[in-house]
1. Mind checking which residues of region 237-266 are of a type in the set (K, R) and either modelled with pLDDT under 95 or within 16 Å of ligand 2 (Cβ to nearest atom) (or both)?
2. Restricting region 36-68 to residues that are polar (S, T, N, Q) and open to solvent by 30 Å² or more (accessible area, probe 1.4 Å), which is nearest to the chain's Cα centre (by Cα)?
3. Considering only residues that are open to solvent by less than 10 Å² (accessible area, probe 1.4 Å) and either under 25 Å from P324 (Cβ atoms) or not in a loop (DSSP other than H, G, I, E, B) (or both), which ones fall in region 222-231?
4. Residues in region 221-246 that are in contact with a Ser or Thr (Cβ under 8 Å, 6 or more places away or on another chain), within 23 Å of L316 (Cα to Cα), aliphatic (A, V, I, L, M) and more than 10 Å from ligand 1 (Cβ to nearest atom): how many?
5. If you check D246 against the conditions, is it in a helix (DSSP H, G or I) and either within 13 Å of ligand 3 (Cβ to nearest atom) or closer than 23 Å to E143 by Cα (or both)?
6. When L234 is evaluated against the numbered criteria (1) closer than 21 Å to R199 by Cβ; (2) more than 16 Å from ligand 2 (Cβ to nearest atom); (3) open to solvent by 40 Å² or more (accessible area, probe 1.4 Å); (4) of a type outside the set (G, A, S), which criterion, by number, is the only one it fails?
7. What number of residues within region 137-155 are within 25 Å of D264 (Cα to Cα) and not basic (K, R)?
8. I need the full set of residues from region 204-241 which are more than 11 Å from ligand 3 (Cβ to nearest atom) and within 20 Å of D423 (Cα to Cα), in order please.
Amino acid sequence: MTARPDVLIAADASARPIRLLAAGAAPASPWAEAHDFTGKTGQLLIVPDAQGHPAEAWFGTGEAFDPLSVRGLAARLPAGDWRLEGVEGEAAEMSAVAWGLGTYLFDRYKARPQRGRARLAVAEGVDLEACRRIVAACALCREMVDTPAADMGPLQIETIAREIAEAHDADLTVTEGEALLEANYPAVHAVGRAAAPHRAPRVIELGWKLDQTDRPLIALVGKGVVFDTGGLDLKPAAGMRNMKKDMGGAAHALALARLILQADLPVRLVVLVAAVENAVSADAFRPGDVLATRQGLTVEVGNTDAEGRLILADVLTRAGEHAPDLTLDFATLTGAARIALGPELPPLYTDDEALAEGLLAAGRAVRDPLWRMPLHAGYRAALEAEIADLRNDPAAWAQAGSVTAALFLQRFAPTTGLWAHLDIFAWNPRARPGWPEGGEAQGIRAAFHHISAFASAH
Ligand code: BES
Ligand code: MN
Ligand code: ZN
């Protein structure tokens with residue numbers, strides 16, 4: 001496992017101090033001057049003692065200290081134990097999580113020298129185990145996304161779900177292959193049936209504490225397209241290159257679920273993952289096919305590359321059968337989402353004002369930002385089809401591809417309780433210290449923060 005929560009250790013006054021210095025606030029020192037250290041955001045200066053050992057570090061905060069910037073710091077400091085001087089309370093907790101996130105390294109296929117042998121002694125009063133769990137959840141998510149499709153197929157996703165279920169006494173039900181038809185998951189079956197038999201499509205359902213009906217029921221739904229070729233509407237090479245990450249929604253849902261179970265939040269939990277490979281074969285679903293869905297609506301396939309919304313339709317319907325109080329779905333659903341907001345801001349969709357504000361506020365609080373986008377009813381007409389109830393390729397006039405995809409999901413979302421959809425990118429395209437290029441967890445920390453509050457308010 002690439003998760004290294006052991007980089008966080010208990011408070012220790014003997015750890016070397018990291019002094020946070022605002023722009024222009026660096027004490028006059030020839031050493032600092034020689035290194036042009038001014039306290040500019042992200043600047044780092046190692047200050048040696050008389051023997052030449054690193055004694056302390058100065059870290060530039062610019063205008064104000066951003067706990068998330070610690071993510072870059074962890075990867076740049078020399079080995080040893082460090083503490084952040086003068087950082088307390090929530091900022092200390094967030095810094096600790098950021099430190100942990102900054103040490104993630106995907107080394108499944110080759111040994112990669114880990115610079116971040118530095119450990120952080122957390123501030124007094126910080127819940128060390130809670131920080132470690134959050135770091136480990138994000139690492140699980142990133143590792144699943146980073147793992148190539150050949151080694152992260154439907155079975156591997158099922159296995160990870162099974163491990164989570166077994167560790168926490170949850171129930172796991174997997175419906176696979178032809179059994180999907182019998183169990184009424186027709187869209188999941190249609191999208192996934194072209195895959196090789198050992199990579200058969202499946203619906204993975206985890207249930208935890210479902211009999212404790214005094215607790216609020218949370219449903220987490222994830223898009224688990226283990227590889228998205230586009231299907232018969234094949235993606236061009238550049239568009240297909242990164243599509244191992246198309247199971248990012250499933251990775252997010254499962255990592256968040258593990259976090260909720262480990263933290264033992266006072267909720268009931270249902271996790272629903274549709275794990276399929278959008279492959280090409282003689283038996284692939286075709287443009288022009290009309291698919292049945294679990295809900296009963298028919299969908300004309302205008303484009304086999306709009307597969308995510310098809311499989312999510314069935315599992316969202318299934319989620320609704322549990323009458324959840326809150327449903328969150330995660331999906332690498334559209335390229336349009338990143339055109340609208342870029343790779344760092346996942347679009348958040350919900351019609352509930354309080355849920356929107358709650359999730360956005362949680363994202364701000366834990367530095368895991370989301371950005372609200374509209375479920376604009378005027379674009380619903382773009383989903384109308386001539387020979388079926390819906391089409392999966394919105395009419396071109398509506399243009400807003402992430403919005404119309406969310407409107408499609410809305411037709412299948414649970415109507416009991418609240419529902420929000422996150423159109424995540426699940427990928428960091430720009431390598432920086434602490435932010436390696438590759439899989440990224442987006443919204444897990446925000447959602448966890450909000451669900452914790454939701455549970456205690458219930
Ligand atoms: N998995 C893709 C969306 C995607 C592409 C996410 C690139 C992140 C980066 C999804 O299945 C897809 O192909 N969507 C199409 C839908 C269109 C055919 C209506 C898209 O967004 O182009
Ligand atoms: Mn696609
Ligand atoms: Zn896809």
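1. Within region 237-266, the subset of a type in the set (K, R) is 241, 244-245, 258.
R241, K244, K245, listed by residue number.
2. From region 36-68, those polar (S, T, N, Q) are 38, 41, 43, 51, 61; that's our starting set.
Subset that is open to solvent by 30 Å² or more (accessible area, probe 1.4 Å): 38, 41, 43, 51.
On the way: T38: 36, T41: 27, Q43: 29, Q51: 45 Å.
For region 36-68, the residue satisfying everything is T41.
3. The first filter runs over region 222-231 and keeps only residues open to solvent by less than 10 Å² (accessible area, probe 1.4 Å), leaving 222-226, 228, 230-231.
Once the filter is applied, which keeps residues that are open to solvent by less than 10 Å² (accessible area, probe 1.4 Å) and either under 25 Å from P324 (Cβ atoms) or not in a loop (DSSP other than H, G, I, E, B) (or both), region 222-231 yields G222, K223, G224, V225, V226, D228.
4. Total satisfying the criteria: 1.
5. Values: in a helix (DSSP H, G or I): yes; either within 13 Å of ligand 3 (Cβ to nearest atom) or closer than 23 Å to E143 by Cα (or both): yes.
Considered against the rule, which asks whether it is in a helix (DSSP H, G or I) and either within 13 Å of ligand 3 (Cβ to nearest atom) or closer than 23 Å to E143 by Cα (or both), D246 comes out as yes.
6. Result: L234 passes all but (2).
7. We begin by selecting, within region 137-155, every residue within 25 Å of D264 (Cα to Cα); these are 137-144.
Still in the running and not basic (K, R): 137-141, 143-144.
Total satisfying the criteria: 7.
8. I218, A219, L220, V221, G222, R241
The values are calculated or read from the model by the stated rules, or taken from the named source; none is laboratory data. Since this is a predicted model, take the numbers as computed values, not measurements. When we count neighbours, we look across all protein chains shown, and the Cβ atoms used for this are built from the backbone with ideal geometry, even at glycine. With ligands, DNA and RNA removed, areas are computed over all heavy atoms of the protein, side chains included. Shrake-Rupley method; radii C 1.70, N 1.55, O 1.52, S 1.80 Å.
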